[in-house]
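Single-structure report; data block below.
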């Protein structure tokens, strides 16, 4: 099936939204925790968190255009702090529920637990097994549609004991960390293999 | 286990690279096809492809700093065209192999097939079941580490017949589309459920 840009723009909105959101394939849900300057905690589910660099350790988050108030984005800019918390199968429903239009503190609304660590302002999600404390570094506005890319530096990592393997790999499958497709489909994973570093002189093999 | 920024910077490089690359959780591998101005095709494996918007349909790709020649990035800037091709289990090895340091055309080197469609300059991967023809829109340089974000608009979509469901959702699990963790770990997925749109007045349920 072939669809041109004109065909895509002619689709009914919900159909187009589902389709285009599936095109990048599987991605991970992340809970982003912030606290406003006045002390109100906020928690939101995001699926556009990306690796920006390992040294220094940097992650990026893409936010939808701020045409309505975006508390998470505003809190990050104002306090320069946020947390990113991975989402496992055991908290699928409360994590998804944070995306409803809550006026109140989402932690309380969905029964997830705020966790504060010495020297941090933004709340972590106690139930998450991999948590990152982030410092805001820079932002970029995508001119084509006013989407906002925020880049942050990892200030600290809190990882469940036993999860980090000998070479630094995190076995997230073992703890049923989720992957997502489109706007609403949640999946666990089945490991096929880890592949060796690719070289031109031989067909790549699984890592021993 | 708690690691501060100082702890992270003190880690051995390969260990840190593996660890930091796992922190964003599962993400999808994508093959990006381009052709240089002089007509040389190029194919590379990327894991930082993101949804930027559905209307107009926009995707982003994050490229490592161009400290060595980055043919894909250079071709995109010079020709304003690229393709993004999803990677299924059946092409895991050749897709991974494109990441070796090839001097020659990666399509020929790894035995994937260039596909050209009327009116397009950049090659698609014939074996991929979901292919996007992209037009370059803008780029942003992340100041902290010189990473480059490229935003492109979908000009056309080529999707295997039968893959698009009635509401626009793409059942990528059915065709064993891959998800990745870290630099080298490939996985298929197990669907848990699609969730209904979250509302504040009730605990979210699976979509009917």
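Every read-out reported here was derived from the displayed coordinates using simple, explicitly stated rules and does not represent laboratory data. All values reported here derive from a predicted model rather than from experimental measurement. Here Cβ is always computed from backbone atoms with ideal geometry, including for glycine, and neighbour counts include all displayed protein chains.
Normalised by the residues of region A:88-163, what does the relative contact order come to in percent, with Cα pairs under 8 Å and at least six apart?
On the way: 88 pairs, mean separation 16.1, N = 76.
It rounds to 21 percent for region A:88-163.
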Go ahead and set up a Gaussian network model of chain A, Cα springs under 10 Å, then flag whichever of A:38, A:99, A:128 fluctuates most. A:38
Label point 7 Å beyond Cα along the C-beta direction, distances from residue A:103 to other copies (nm, shortest first): 6.9
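For a Förster distance of 22 Å, can you work out the FRET efficiency between the beta-carbons of residue A:2 and residue B:80, rounded to the nearest 0.05? Working shown, then result.
Working: r = 21 Å, r/R0 = 0.94.
Calculated value: 0.60.
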Say R0 is 25 Å: what FRET efficiency, to the nearest 0.05, do residue A:165 and residue A:89 get from their beta-carbon distance? 0.75
Give me the mean projected area, in nm² to one decimal, of the convex hull enclosing the Cα positions of the protein assembly as shown. 19.1 nm²
Calculate I(q)/I(0) for region A:24-186 by the Debye formula, one identical point scatterer on each C-alpha and no solvent, and give its log10 at q = 0.09, 0.14, 0.17 Å⁻¹ to two decimals. -0.27, -0.69, -1.07
Full-extension gain between residue A:103 and residue A:121, please, as 0.36 nm times their residue separation minus the C-alpha to C-alpha distance. 4.4 nm
Considering the Cα trace of region B:3-72, what is its radius of gyration and what is Dmax, both in angstroms? 16.2, 48
On alpha-carbon atoms, Rg over Rh for region B:114-153 using Kirkwood Rh? 1.13
Using a Gaussian network model on chain A with a 10 Å cutoff between Cα atoms, which of A:126, A:54, A:198 fluctuates the most? A:198
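For n ≥ 4 DSSP H runs only, could you compute -39500 (n - 2.57) per run for chain A, divide by its residues and tell me the 222 nm figure to the nearest 500? Display every interim value, and only then the final one.
Details: 5 runs with 36 residues, N = 208.
Value at 222 nm, helices only, nearest 500: -4500 deg cm²/dmol.
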Sequence gap at least 6, Cα distance under 8 Å: using those rules, report the relative contact order of chain B to the nearest whole percent. 22 percent
Restricting to Cα pairs below 8 Å that are 6+ residues apart, what does the relative contact order work out to for region B:14-132? Please round to a whole percent. 29 percent
Between B:39, B:119, B:88, find the one with the highest GNM mean-square fluctuation for chain B; connect C-alpha pairs within less than 10 Å. B:119
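How fast does region B:119-208 diffuse by Stokes-Einstein, in µm²/s, taking the Kirkwood radius from C-alpha pairs at 25 °C and 0.890 mPa s? Each step should come with its number before you reach the end.
Details: Rh = 17.1 Å.
This corresponds to a translational diffusion coefficient of 143 µm²/s.
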